Structures are given as C-alpha cells and as structure tokens.
Amino acid sequence: MSQYQWNWSVVLEQVSGTEEFYYQWLAAGLGWTVATALSAWVLALVVGSLIGILRTVPSKPVAALATAYVEVFRNIPLIVQMFLWFFVLPELVPHNLGIWMKQSMPLPEFTTAVIALGFFTSARVAEQVRTGILALPRGQKNAGLAMGFTLGQTYRYVLLPMAYRIVIPPLTSEFMNIFKNSAVALAIGLTELTFQMRQITGEYAPANPIEVMTVVSALYLLVAFSVNRVMALIERKTRVPGYISGGH
Amino acid sequence: MIQINNVSKWYGEFQVLTDCTTEVKKGEVVVVCGPSGSGKSTLIKTVNALEPFQKGEILVEGVSVGDPKTNLPKLRSRVGMVFQHFELFPHLSITDNLIIAQMKVLGRGRDEAMDKGLKLLDRVGLKAHAHKFPGQLSGGQQQRVAIARALAMDPIVMLFDEPTSALDPEMVNEVLDVMVELAQEGMTMMCVTHEMGFARKVASRVIFMDRGQIVEDCSKDDFFGHLDARSERARQFLSKILQH
Ligand SMILES: Nc1ncnc2c1ncn2[C@@H]1O[C@H](COP(=O)(O)OP(=O)(O)O)[C@@H](O)[C@H]1O
Ligand SMILES: [Mg+2]
C-alpha cells in the first residue's frame, strides 16, 4: 500500500487557479442541501397531508385516487423521478411551457429537485398521516360530527391534532431522509453538498479524498442531529398531559 | 320530538335493524335496553345520522334525517350525544373541550362560550378541573365533562349510548346522578343503558330490542310492573341483568 498523506487542513486550502477556498464550496453545497431539503419538506408536508387525509375519507373513488397517487410516487425510484421531472416533463407539456422550463425557469436544478423530492416524500408522509388518523379511536370522528362539526372541521379540530402528534416519530425519520435523499439531485446538476464533495475529490484534491468525505459526512450527521433535536422539541411542546397513546 | 318510522338498515346482507318504529316526545326519557349486538347503538346513531339507514324515516322536530338535503351539521348541533367511551378531545383542555363547538359551530364568542362551559362544568361538579386535560381525569369525571360538553350546545334532546358501561363500578353513580337530575329538569332523553335502577327512577318508557327489532315499547310501569305480560325474550333478558 502506498503511503496516504493525511492533510486535515485540505478543506481550508485555496482552490488552485481560483479566488475561492474549498470550505466555501462545501458551505455553498450545504446551503443548497438545506434549502432543497427544507423546501421539499414543506411541499411534502402539505401535499402528503392532503393525500393522507383523502385516503381516509368516506368517498371510495377519492380514496382510491389517493391510494394510486401514493403507489406511483412511492414506488418509482427517486432518481428516475428526478430525471422524469427534469428531462421528460418539458417534452410532454405544451410547447411554449416546455421551452420556458428548459431555457428561462429560474434555478432549474433547484426547482426540479424540490419538486421531485417533495412529491416523492409526500407519498411517504401521506402514509404516515393516514396511519395516524386510523390509529385514533373510531368514536372520535363520531364525537366530532355529533357536536355539529362538518367533516372538514372534524378533521381540523378533532382528528388531525392527535394524528400528527402520534406520527411525530415516523415523520422525524422522513424529515431526516429528505436531507439524505437530496444528494440524488446531483444527478441533475444541483451543486449540493455531495456534488461539491465529488467535485473536490474528483478533479481538484485527488490526494486527500478521505478528509473531504469525512468532513462532508460530519456535516450530514450534524444536520441529522439538528433535525432530530428540533423534532424532539416539537414533540415535547405538543405533548398532551395525561394522554396514554393507543387510546381505547 | 323524535319520530322513528319503519326504519330498516343492512350491513351488506346482514340486517341490523328491522322495521323499527317508536317516538320520543318532548320531555320524555326513553330507555333502550336489550342484549349485546341487538342494534341499540345502531338505532340511536341513526337519530343524528351517524349511521345511515336504507328504509323508513326519522324526523327530529319535523326535520327528516335521511333527506339528502338536510343540513346534518346543523341538525346534529341541536342533538347532544354522549358515548360509551366519553370521546372527549384528548389534546384539548377541559375548558377547550367545552367551548370549541360552541365557538366553531354556533359562532359564540369566547367569553360567552367560556361562561356557559364553566357554569355547566360547575353543575357536574368539576369546576376545579377546568384547566386539566381529559387524560388527567377518571372515567366518571370524563363522562360528566362529556355530558356538560353536549349540554353546552343547548340541545333539544340528549342521546346516551351506554354512558356508564365503560366505567368502574364505583363511578357509575356519579354519572347516573347527573343524568337523573337532567331528566328531572325535563330534558328530553333517549338512553341506551342497562341501568334498570335509572330506568325505574326516571324513565317514561322502556324499549326492549332484540336482533334488530323493537320487541317491547311500553311505559315504565307496564315494563317493570307487569312482567307476565312481557315477551319471553324480554323476561329472560331482565332476569339475567336483574340478578346482579
Ligand atoms: N360496521 C359494521 N359492519 C357490520 N356489522 C356491524 C357493524 N357495526 C355493527 N354491526 C353489527 O350490528 C349489530 C348491532 O350492533 P350494535 O348496534 O352495536 O348493537 P348493540 O349496541 O345493541 O350492542 C351487531 O351484530 C354488530 O355486530
Ligand atoms: Mg352498543
């Protein structure tokens, strides 16, 4: 084995032939990773909640459509969905819209990554929200309706507040997944953290890939840890006094 | 107040209710009893349209429950219901349980709703627990809050579906006392219950159901006083539950 020359300060060095430093590239990558994951998470929560709720409504056709949605977005690999949104969709939409998407849509890689990741994750969020609603005692819905709430109000005031509380732990792991999954966006050219790592270790600092990869891994761990803490805080703040999960 | 005319209901092939006809007049307390699975819960839930039915007609103050044009949330807001498992909203404090529907359904202001809620909470003897959450109360206390929550909507009639059967025995009376008081104040009530002491005390009429049919529908005095005139099934049922 050849001698590996450890150099932990590699990330502090200047990129040869530029004014920039490697840590700036990593910071920019981290910024895109966080921005993409957070935006996609908002999309996933909104769409996922809606679909999850629709899977539990009395109307059979509506529930069936929502189920089909979940199956499609959950079962096609994320990277394939990413390519479909980026390369295929512009060809399928009306001509002018396609041109706009290819030539003038702002931040095309970012926008596409958010949409692809958001819809992919929404299917998983939908499943969690549905599970939470179904975990509630059946009588809760009747109790809401019996008070005179409409079905919508019953979801809003009675079912969802408890359902979300119940599924905070699985939602936490989906939230952490979305950060990891955002790395797939390098395939469409988004300059997120893993993209930067590959660029640095591939073309620029081939002598010290291990250090760069270690730093990048540590950054992902830091993000995951932060997400975990935030969700634990939310769980604590929303804990219901005296409530024993499982109901009756 | 409530008229139930020839109501039948099926779950697929299985007929849960067969040609049920009865009525609850203003100020009456009607007790519904019968063996488990006889359709008591199903019948009482058809009154506020929590269970749909396929045949017959139900009128609540002249409003047809089965009519697709009927505004069900509005109808339900005038019919109070108390469930076997209380069904308080666990994430809301007792006060919020008492005021949320007053505000969101009836459009009352917070102060008015709070005033009303606390008065009723006092009436069921739980004023000191206003700030607590349902999970911090005993079953009997939760059920009393559930009664107060239903009363806060100023219902024209109250439906009870086995309100004491999920309670530990020592808590049954605190709930029955509230119900007796309510009956004596003239509230119109339809109660599914096996508490024959309660029936003897306040019932106007007793309905006995078996296998989805109303087998007996008579005055309290006829029901308890002339057992020999009752059907075989009703007598068997009574002898079983009165042994306890
Ligand atoms: N959702 C349902 N689907 C099929 N059968 C049901 C359903 N709900 C209740 N049943 C049946 O209907 C019958 C009456 O139930 P119920 O009204 O709850 O009886 P009770 O309250 O008198 O014990 C029972 O045999 C029960 O198994
Ligand atoms: Mg029942």
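The values are calculated or read from the model by the stated rules, or taken from the named source; none is laboratory data. On a predicted model such as this, the values are computed, not experimentally measured, just so you know. Ideal geometry is used to build each Cβ from the backbone, glycine not excepted, and the neighbour counts take in all protein chains shown. The accessibility values were calculated without ligands, DNA or RNA, using every heavy atom of the protein model including side chains. Shrake-Rupley method; radii C 1.70, N 1.55, O 1.52, S 1.80 Å.
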| request: Could you check, for the range B:170-178, whether at least one of its residues is open to solvent by less than 20 Å² (accessible area, probe 1.4 Å), within 16 Å of ligand 2 (Cβ to nearest atom) and part of a helix (DSSP H, G or I)? | output: no
| note | Only unsatisfied item for residue B:127, checking (1) open to solvent by 50 Å² or more (accessible area, probe 1.4 Å); (2) under 18 Å from residue B:192 (Cα atoms), is (2)
| Filtered residues of the range B:15-31 (kept if more than 22 Å from residue B:72 (Cβ to Cβ) and of a type in the set (A, V, I, L, M, F, W, C)) | B:29, B:30, B:31
| field | Residues within the range A:205-244 that are surrounded by 16 or more Cβ atoms within 10 Å (Cβ to Cβ) and within 30 Å of residue A:18 (Cβ to Cβ), tallied | value | 10
| task | Could you please tell me which pairs satisfy a Cβ distance under 6 Å, a separation of 6+ or placement on different chains, a first residue in the range B:101-119 that is under 13 Å from residue B:130 (Cα atoms), and a second residue that is among the hydrophobic types (A, V, I, L, M, F, W, C)? | result | B:114/B:99; B:116/B:152; B:117/B:98; B:117/B:99; B:117/B:152
| request: Could you tell me whether residue B:64 is at pLDDT 95 or above, open to solvent by 20 Å² or more (accessible area, probe 1.4 Å), closer than 21 Å to residue B:188 by Cα and more than 14 Å from chain A (Cβ to nearest Cβ)? | output: yes
| message | Condition first: more than 30 Å from residue A:153 (Cα to Cα), at pLDDT 95 or above and away from ligand 1 (no atom under 16 Å from the Cβ). Can you find one or more residues in the range B:29-44 that meet it? | response | yes
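Residue-by-condition table, conditions (1) of a type in the set (Val, Ile, Thr); (2) at positive phi; (3) away from ligand 1 (no atom under 16 Å from the Cβ):
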position	(1), (2), (3)
B:50	no, no, no
B:61	no, yes, yes
B:85	no, no, no
B:89	no, no, yes
B:96	no, no, yes
| Residues (within 11 Å of chain A (Cβ to nearest Cβ) and either small (Gly, Ala, Ser) or within 16 Å of ligand 2 (Cβ to nearest atom) (or both)) located in the range B:45-61 | B:45, B:47, B:48, B:49, B:50, B:51
| How many of the residues in the range B:63-83 are in contact with a helix residue (DSSP H, G or I) (Cβ under 9 Å, 6 or more places away or on another chain), more than 16 Å from ligand 1 (Cβ to nearest atom) and among the hydrophobic types (A, V, I, L, M, F, W, C)? | 4
| Which of the following residues is under 19 Å from the mean Cα position of the chain (by Cα) and within 11 Å of chain A (Cβ to nearest Cβ): B:120, B:88, B:92, B:137? | B:88
| field | Matching option when the condition is touching a His at 6+ places or on another chain (Cβ under 6 Å) and either of a type outside the set (Val, Ile, Thr) or open to solvent by less than 40 Å² (accessible area, probe 1.4 Å) (or both), among A:148, A:152, A:139 | value | A:139
| said: Checking the structure you have, find out if any residue of the range A:186-195 is open to solvent by 10 Å² or more (accessible area, probe 1.4 Å) and within 14 Å of chain B (Cβ to nearest Cβ). | reply: no
| message | Being of a type in the set (Asp, Glu) and under 17 Å from residue A:188 (Cβ atoms) is the filter here; which residues of the range A:58-96 pass it? | response | A:91
| query | Counting only residues that are open to solvent by 20 Å² or more (accessible area, probe 1.4 Å) and not basic (Lys, Arg), which one in the range B:140-166 is farthest from ligand 1 (Cβ to nearest atom)? | reply | B:154
| said: If residue B:85 satisfies all but one of (1) closer than 23 Å to residue A:243 by Cβ; (2) assigned to a helix (DSSP H, G or I), what's the number of the condition it fails? | reply: (2)
| Does residue A:9 meet the test of being small (Gly, Ala, Ser), without any contact (Cβ under 8 Å) to a residue 40 or more places away in the chain and either open to solvent by 20 Å² or more (accessible area, probe 1.4 Å) or part of a helix (DSSP H, G or I) (or both)? | yes
| remark: Restricting the range B:32-64 to residues that are assigned to a loop (DSSP other than H, G, I, E, B) and acidic (Asp, Glu), the one farthest from the chain's Cα centre (by Cα) turns out to be B:61
| Does residue B:32 count as more than 16 Å from ligand 2 (Cβ to nearest atom), closer than 24 Å to residue B:184 by Cα and either crowded, with 22+ Cβ neighbours inside 10 Å or more than 14 Å from every other protein chain (Cβ to nearest Cβ) (or both)? | no
| Out of all the residues in the range A:32-55, is one or more surrounded by fewer than 17 Cβ atoms within 10 Å (Cβ to Cβ), at pLDDT 90 or above and not in a helix (DSSP H, G or I)? | no
